[in-house]
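Single-structure report; data block below.
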């Protein structure tokens, strides 16, 4: 009788153990996490999305600016465009591949090397091979050999690129249950260097994937910008040449 009770107790404990606890042992490296993400979302995650962004900036005294409206579009794996304010003003920046093209009053004023590596973990990885994903992370300054499990705002997360307790090295924090990014940290290239801490919140399931609806930016622990997304569309009719800087001003998704 005692033997039967012991077996029953073990079975009861196993049945009460959350499924996540069984899977955590499998995801114990950057490579394994990327494999798990691709297994779940490859062929399902939306290719592109657009949204209207309310942007509020904060000065050194913590006072907010008047809200500004930005119109943004992303096409994975590596295209991103921001139109700032009234579209008639022609103030925009286009990120395509590894370059940034800045426009003012409809004219190109600056081009520079400026890869947006965060696009990879936001959805770009579902359009690349695993090998290329690892290569892009390394190129972006993320140490793919460093990986650990942690918690963020009460939820379990995986962290790529840093040891536990390190909040300066380039790193991504991803929700363990849904694999969306909840935080990214890196040191800026400015002089003196500062720690940029970007926090993503209010994620919405849409288009076979997830989109955050609020983003907060901190520099050395000071809040500098908050973004709120509305009118999120994961099946937008984007002009084919929308991210081509040579075609700037000819068409737009927002009507």
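Couple of notes before you dig in:
- Residue within the stretch 178-193 that is crowded, with 16+ Cβ neighbours inside 10 Å, on the phi > 0 side of the Ramachandran plot, part of a loop (DSSP other than H, G, I, E, B) and within 13 Å of the chain's Cα centre (by Cα) present: yes
- Filter result for the condition that a residue is within 20 Å of residue 124 (Cβ to Cβ) and free of Cβ contacts under 8 Å to residues at least 12 places away in the same chain, over 184, 240: 240
- Qualifying positions in the stretch 102-131 - touching a strand residue (DSSP E or B) at 6+ places or on another chain (Cβ under 7 Å) and farther than 19 Å from residue 179 by Cα: 102, 103, 108, 109, 110, 111, 112, 113, 114, 116
- Condition check for residue 249: more than 16 Å from the chain's Cα centre (by Cα), within 25 Å of residue 59 (Cα to Cα), in contact (Cβ under 8 Å) with a residue 24 or more places away in the chain and loosely packed, with under 12 Cβ neighbours inside 10 Å: no
- Only one of the listed residues (158, 229, 142) is surrounded by 17 or more Cβ atoms within 10 Å (Cβ to Cβ) and in a loop (DSSP other than H, G, I, E, B). That residue is 142.
- Listed by first and then second residue, the pairs linking a residue in the stretch 83-103 that is at positive phi and in contact (Cβ under 8 Å) with a residue 60 or more places away in the chain to a residue that is crowded, with 19+ Cβ neighbours inside 10 Å and assigned to a strand (DSSP E or B), with Cβ atoms under 7 Å apart and 6 or more places separating them unless they lie on different chains, are 90/103.
The rows are residues; the columns are (1) out of contact with any strand residue (DSSP E or B) (no Cβ under 8 Å at 6 or more places or on another chain); (2) at pLDDT 95 or above; (3) under 30 Å from residue 106 (Cβ atoms).
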{"site": "6", "(1), (2), (3)": "yes, no, no"}
{"site": "12", "(1), (2), (3)": "yes, no, no"}
{"site": "34", "(1), (2), (3)": "yes, yes, no"}
{"site": "90", "(1), (2), (3)": "no, yes, yes"}
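The values are calculated or read from the model by the stated rules, or taken from the named source; none is laboratory data. These figures come from a predicted structure and were not determined experimentally. Every residue, glycine as well, gets a Cβ built from its backbone with ideal geometry; the counts of neighbours run over all protein chains shown.
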